[in-house]
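Shown next, in structure tokens, is the structure this report addresses.
Read-outs throughout are calculated quantities, based only on the coordinates presented, and are distinct from any laboratory measurement. These figures come from a predicted structure and were not determined experimentally. Every residue, glycine among them, receives a Cβ derived from its backbone with ideal geometry; neighbour counts consider all protein chains shown.
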């Protein structure tokens, strides 16, 4: 079934030649663009900060080459039709200051959303602004029915972003994540397409 939906998605967005054109998105202040190896230093600068990786399942980058495998992963997920990640760019600046997108998706079913931002740009509403556009793309272009996000306990800022966008706090996934030889509880948030449509209809 999913292969049918993926083929439908490819035909809709790529055409018969099967060459994908990465979808660029735009908001009032931001451009959401494809992440390439030309952004290697930008991505390194984001993840060398302990503040950024505190609630992430990776250690702070120690060298610029640490960033390369993640960019390769973003590109391969998109090429294989399994996920999509945008670089967050302030209009008028070619650098990316963060990333956001779907780590995975199943068309007509569900997806998992993720995001990060350089700590110098926190508390400016950039993540909320980017995710608002990405959530809309997920429901109306990719065609998912449910968007999920798992947040590590204590990451209050991330929880607030999701709640602003209408995500529902479903509960705690006990010992759901594992890294650095330790288990972590995660809070599950979700947004359904029907609830998103209701939010749009009410102007919230």
Quick one: if you stick a label point 7 Å off each Cα along the C-beta vector at residue 181 and residue 145, how many nm between them? 4.3
How long is the gain from residue 56 to residue 128 if the chain were fully straight, where each residue apart is worth 0.36 nm and the alpha carbon distance is subtracted? 24.1 nm
Largest first and to the nearest Å, give the Cα extent of region 103-179 along each principal axis. 34, 31, 22
Return the distance in nm (one decimal) between the two label points of a simple spin-label model at residue 188 and residue 201, each offset 7 Å from Cα along Cα→Cβ. 2.6
Under 16 Å from a point 7 Å along the Cα-to-Cβ line of residue 63: which residues of region 179-200 have their amide N that close? none
Length gained if residue 169 through residue 29 is fully extended, taking 0.36 nm per residue and subtracting the Cα-Cα distance, is 47.6 nm
Residue 104-residue 49 pseudo-label distance in nm [points 7 Å out on the Cα-to-Cβ vector]: 2.9
By average Cβ neighbour count within 10 Å, what is the ranking of 37-48, 172-183 from highest down? 37-48, 172-183
